[in-house]
1. In what sequence, highest mean first, do 85-93, 125-133 appear when ranked by Cβ atoms within 10 angstrom?
2. So which residue, out of 106, 120, 80, gets the largest mean-square fluctuation from a GNM of the chain using Cα contacts under 10 Å as springs?
3. Which helices, counted as full DSSP H runs in the chain, have an axial Cα extent of no less than 27 Å and a Kyte-Doolittle average of 0.5 or above?
4. Note down the magnitude of the dipole of region 45-154 about its Cα centre, charges +1 on Lys and Arg C-beta and -1 on Asp and Glu C-beta and zero elsewhere, to the nearest 20 debye.
5. Which of 92, 137, 197 sits farthest toward the positive end of the charge dipole of the chain, with +1 on the Cβ of Lys and Arg and -1 on the Cβ of Asp and Glu?
6. Rounded to the nearest 500, what is the chain's calculated 222 nm mean residue ellipticity when only DSSP H runs of at least 4 contribute -39500 (n - 2.57) each, over all residues?
7. At 1.4 Å probe size, with every protein chain present, just tell me what the per residue accessible area of region 211-256 comes to in Å².
8. So which lysines pass the test for residue 133, namely a Cα distance under 28 Å, with those fewer than 8 places away in the same chain ruled out?
Amino acid sequence: RSKMAERSSHTIFVPEMMEDNKRRLLIANSIASAIKHDEFSIHYQGKVDADEVVVGYEALIRWRSAALGVVSPAEFIPIAEQSGKILQITKWVIKRVCMEFEQILAVQKNDVVVSLNLSAHDIKNASLVGYIKEMFTLYKIDTKHIEFEVTESAYLENFDAANGFLTQLRQMGCSIALDDFGAGYSSLGYLTQIDLNTLKIDKQFVDNLNVSKRSTLVTKTIIEMAKQLNLKICAEGVETREQADFLLANGCHQLQGYFFAKPVSLEELLKG
Ligand code: C2E
Ligand code: MG
Ligand code: MG
Ligand code: MG
């Protein structure tokens, strides 16, 4: 390549990369102050059972930043993970959900389970188990109402550490769900080795139902496999009646998605 081409490619790409890096840095450096200034909140998305009755809520973090506006967790969670700030966020989420838990339970007719997402980075941190115990004791949480969602990536780096961490949560009485199953670096081998309660089928499979015969077949097979393994199976990202009907007809136990409920603030959840 000529000097010219090299220079012009630099002038095209460098500013964009700088903008991108600047934003990532700004996000990473804003996390501590976001906690301090109460910019985070939790939204709750209902999950329904086969009778389409709400049986749980997934806690999903939201960030309305004074400097950056609304920032999606899909953007800031990976940045928090890479910059070593995820543990602060996780602790904040656990504490906030514990604080709001009694109000949520009070407006339910049935038993519900509240699900919290853990990052793969969190479960390397053995001290987090102590923090979780402390919060459950402080806020008098009955652990039968708590589920933790983790992705398969949690197991990739250090299987024994992840398994040890999650086993302790199970021994406390919490449930464990494998999130986004089938997306990313799935290994069916994990399913034979880890003690799970629930498998959450990734939204991509739900999206592709009835789009292709093959993906419909794969989804059916995942549901069947989970049932054979005695796992509860939850489908995420259900947006249509047709998807819901297909999943229920094939024995899916729980459904979650905009068709049933969008994530809502605590205030909206309490209003019903
Ligand atoms: P996830 O745990 O797989 O959560 C599901 C995501 O799909 C949520 O996005 C939810 O709002 C969205 N969703 C649910 N139903 C539908 C639907 O029918 N259609 C569409 N298009 N989307 C749907 P959200 O809230 O933006 O969160 C994105 C991801 O960020 C989560 O994926 C999770 O990996 C992460 N995240 C969110 N909150 C937390 C948290 O408190 N801690 C950690 N570690 N990660 C979190
Ligand atoms: Mg989740
Ligand atoms: Mg998910
Ligand atoms: Mg997902």
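1. Working: 85-93: 19.1, 125-133: 15.3.
Put in order of decreasing packing, that is 85-93, 125-133.
2. 106
3. Values: long enough: 3-36 (49 Å, -0.28); 86-106 (30 Å, 0.72).
Both cut-offs are met by 86-106.
4. On the way: 12 positive and 15 negative charges, 112 e Å.
Result for region 45-154 is approximately 540 debye, rounded to the nearest 20.
5. Farthest towards the positive pole: 92.
6. -15500 deg cm²/dmol
7. 53
8. 36, 47, 85, 91, 95, 109, 124, 144, 200, 232
The values are calculated or read from the model by the stated rules, or taken from the named source; none is laboratory data. Computed from a predicted structure; not experimentally measured. Heads up, the Cβs are rebuilt from the backbone with ideal geometry, glycines too, and the neighbour counts pull from every protein chain shown. Calculation scope for accessible area: heavy atoms of the full protein, side chains included, ligands and nucleic acids excluded. Shrake-Rupley method; radii C 1.70, N 1.55, O 1.52, S 1.80 Å.
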